[in-house]
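Working notes, structure below.
The values are calculated or read from the model by the stated rules, or taken from the named source; none is laboratory data. It should be emphasised that the depicted structure is a prediction, and the values quoted were computed from it without experimental measurement. Counting neighbours? That spans all protein chains shown, and the Cβs are built from the backbone with ideal geometry, glycine included.
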Amino acid sequence: MNAIDPAPYGWSWYAATAVASSPREPLTFDIDVDACVIGGGLAGLTVARELARRGWSVAVLEAKRIAWNASGRNGGFVSPGFAEGVDAIVARVGLDRARELWAMSVAGVEYIRATIADTDMPGVEPADGRLSVSRVDDQVGVEHRVEMLRTQFGTVVEAWPAARVRDVLRSDRYFQAVHFPTAFHIHPLNYALGLAAAAEQAGAQIFEETPALAIDPAGVRKRIETPKGRIRAGHIVLAGGAHLGAVAPQVAQAIMPISSYVGVTAPLGSRLREAVRYGGAVADTRRAGDYYRIIDGDRLLWGSRITTRASTPRRLAGILRVDIAKAYPQLGGVEITHAWSGIMGYAVHKMPQIGEVAPGLWVTSAFGGHGLNATAMGADLIARAIVEGDDRWRLFSSYELVWTGGTAGRAAVQTIYWAMQAGDALEERYGSHYHELKRRYEAFRAKQRAAAAVRREIVAAKRRALAAAIGRGVRVGGAAAARAGRALGITLATTFGRLSVAARALGATVAQRIAAARAARLRPKESNLTTTAKESIGTTTSAASGLAALIGSVTKESMLSTDVVSSPAAGSANGALSKPQHRQTIISKTLFGTATMRAPTAHESRTEQLVGRSDSTEQGAVEPSPPIDDQTISTSSGARASGLDLDTWSDQIVDLATALRARAAIDADDDKAADPVGEGRSADPRVADVIATSESTADTSAAPASSLPPVADVPAATPPRNRRGRKGKGRNSNQR
């Protein structure tokens, strides 16, 4: 069945058994199409077919032959999944998105199955089933994987115990396995050739031996340059994988070219049937493990190893022979008739690169390790996105174009691969102990995580309880502060109201007693000191009234502020007196002390009556002081202060006390001069009582020494002369 030239396909068994396919002509003219696909592999052919089926004009550019490399040289496994493990996908994108990605990979499997059936492709020869076998005893791990795929991803999958595996694969290297009954394997080159024929039948144009030299993705119509022609297209799809090169350096540098080796044995007859009794595809779970399947009834197609080396080793057949003998020594020495290598495209994250690089410039590549189903999935997504605006390709947005590191990156990958081989060997040798230790460690870590979660919950509960207690304390404290504030306001209102009335009564009493003293001494003319005292008394009376109004205003504001105290947030700000209020409170306490109100004595009442009669005789009737009752206190407390503060009022009280003290001293000097033996001072008991009361009032009303004005500042009273011009004599005579 060698109907094509096998040279471009690496002298593979696939090329030797390919169906008849004529070469396509290269592009030698300019064309204008809706979409241009660069790359004639499985992904590019699928995109072209799907776009053409939707009525779009499509041109496919292939630098060599259709499916000449990885698309026509791979192992031919068609199964769900990606090169990246399921656990790693879930860890990166979450379980929900991982389910969607897995469902797309399953859809890729079904797309290939349906395409083969719909087009009746010759030579594809699908065979069902795939086994993913473990080379270490890990029953728990296999069962866990099967349970996850079955319950969380809805995949039809089975867990095979070691006995069942060894019944169909006669090798002591294998233990448990995961069976995918819906997977299958095919002849990949014949599938690619049939896909190309189906795309052309739908209306696509395919040009072989036509490399893309440059692309201009700007504008609505993009331009693609080839050696002998130019293409104008609305969309460009980059499907060349690791072979794009300078055409799309951003994409090419994000793909790591990895080679794998495949060989086919000569017919083995009954030996093969005794060793391998499973007709599906087989692959072990090592990081760079073996994969194989039976072809042509008694041949073994065997693939293994990966490397960054691009060329095919000279002794490749011998390398593959050794690998087969390690797994199935009963086969003895086998002959390798075909051996070849293929270059796959891997991304750093080991996931496909699917999406829109720029407006109208699309990419679908990096399908290494799981190419057949992933190419069908990615190509169908791109076609739907271009024609229908389907944005499901954005599910791969977490896997961006990541630079692979160039030459240094390839060297690093090769080193990692050697380390992976060593790790596989150690795990295989000490597999049971390794997995047991691994399970113990994972159980220990799970226990630690559970304990940490419990501790975090306890801490959170304590914090919540503390916050609730603080909230309750704030509410209770706010309510208590509100009640205390209201009680304080009521107390202050009552006290300050009584003090204001007492201040008014004090001012009136002082005025009456000075008037009585003046009337008793029968002065013909007022002295400067008397004038000053009268002015001070008048001012004092006004100050007392102003004080009452001010205290009433402060009390009202204090009563209002107590309502604000009830709020926990404002308790500290509004519950305390401001600095001016605090200062006025201190001044009030300094002026009045702890004085209490009392009823006047009989002597004081008699003196007030005499003073009242004297004032009515000389200056007219003096209005008596109103009685002190609760109504008076309430009225005084409700008055408004207008421009008078407690500092000014206290200064005036001090001036009054000083003036009274000075007047008493002068009167004492005059009496002593007129009556050396002291008879004149006690001649009139009313005058003596007034003077004694004045001195006592001046002493008790005096402010601290630092706030009293000096006595020298008070104008000295000059005694009046009698008609004969002699000091003091006339006044004493009049008094007598």
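(1) under 38 Å from the mean Cα position of the chain (by Cα); (2) more than 15 Å from residue 181 (Cα to Cα); (3) free of Cβ contacts under 8 Å to residues at least 40 places away in the same chain: which one isn't true of residue 148, the others all being true?
(3)
Against the condition in a loop (DSSP other than H, G, I, E, B) and either under 16 Å from residue 205 (Cβ atoms) or not small (Gly, Ala, Ser) (or both), how does residue 8 come out, does it pass?
The answer is no for residue 8.
Run residue 247 past the list (1) among the β-branched types (Val, Ile, Thr); (2) farther than 29 Å from residue 102 by Cα; (3) modelled with pLDDT of 95 or more and report the number of the one that doesn't hold.
Failing condition for residue 247: (3).
Considering each residue of the stretch 305-323, count those that are modelled with pLDDT of 90 or more and of a type outside the set (A, V, I, L, M), and give that number.
3
Those residues that are more than 30 Å from residue 409 (Cα to Cα), in contact with a Pro (Cβ under 8 Å, 6 or more places away or on another chain) and assigned to a loop (DSSP other than H, G, I, E, B), I need them from the stretch 298-329; list them, please.
Of everything in the stretch 298-329, just one residue is more than 30 Å from residue 409 (Cα to Cα), in contact with a Pro (Cβ under 8 Å, 6 or more places away or on another chain) and assigned to a loop (DSSP other than H, G, I, E, B), namely 298.
Considering only the stretch 142-196, state which residues are among the hydrophobic types (A, V, I, L, M, F, W, C) and part of a loop (DSSP other than H, G, I, E, B).
153, 156, 157, 175, 186
Among the residues of the stretch 379-411, which ones are surrounded by fewer than 14 Cβ atoms within 10 Å (Cβ to Cβ) and not charged (D, E, K, R)?
Residues satisfying the conditions are 389, 397, 403, 406, 407, 408, 411.
Part of a loop (DSSP other than H, G, I, E, B) and either among the aliphatic types (A, V, I, L, M) or touching a residue at least 60 places away in the same chain (Cβ under 8 Å) (or both), is that true of residue 89?
No.
Which numbered condition in (1) modelled with pLDDT under 85; (2) under 39 Å from the mean Cα position of the chain (by Cα) is the only one that residue 421 fails?
Every listed condition holds for residue 421 apart from (2).
Does residue 212 qualify as being closer than 30 Å to residue 17 by Cβ, in contact with a Leu (Cβ under 9 Å, 6 or more places away or on another chain) and either modelled with pLDDT under 95 or of a type in the set (Gly, Ala, Ser) (or both)?
no
Please give the number of the condition residue 33 fails out of (1) more than 30 Å from residue 145 (Cα to Cα); (2) out of contact with any strand residue (DSSP E or B) (no Cβ under 8 Å at 6 or more places or on another chain); (3) at pLDDT 95 or above.
Against the list (1) more than 30 Å from residue 145 (Cα to Cα); (2) out of contact with any strand residue (DSSP E or B) (no Cβ under 8 Å at 6 or more places or on another chain); (3) at pLDDT 95 or above, residue 33 comes up short only on (2).
Yes or no: the stretch 369-378 includes at least one residue that is in contact with a strand residue (DSSP E or B) (Cβ under 8 Å, 6 or more places away or on another chain), among the polar types (S, T, N, Q), buried (at least 18 other Cβ atoms within 10 Å of the Cβ) and in contact (Cβ under 8 Å) with a residue 12 or more places away in the chain.
yes
Could you please find all residues in the stretch 207-219 being in contact (Cβ under 8 Å) with a residue 40 or more places away in the chain and over 15 Å from residue 29 (Cβ atoms)?
Residues satisfying the conditions are 208, 211, 212, 215, 217.
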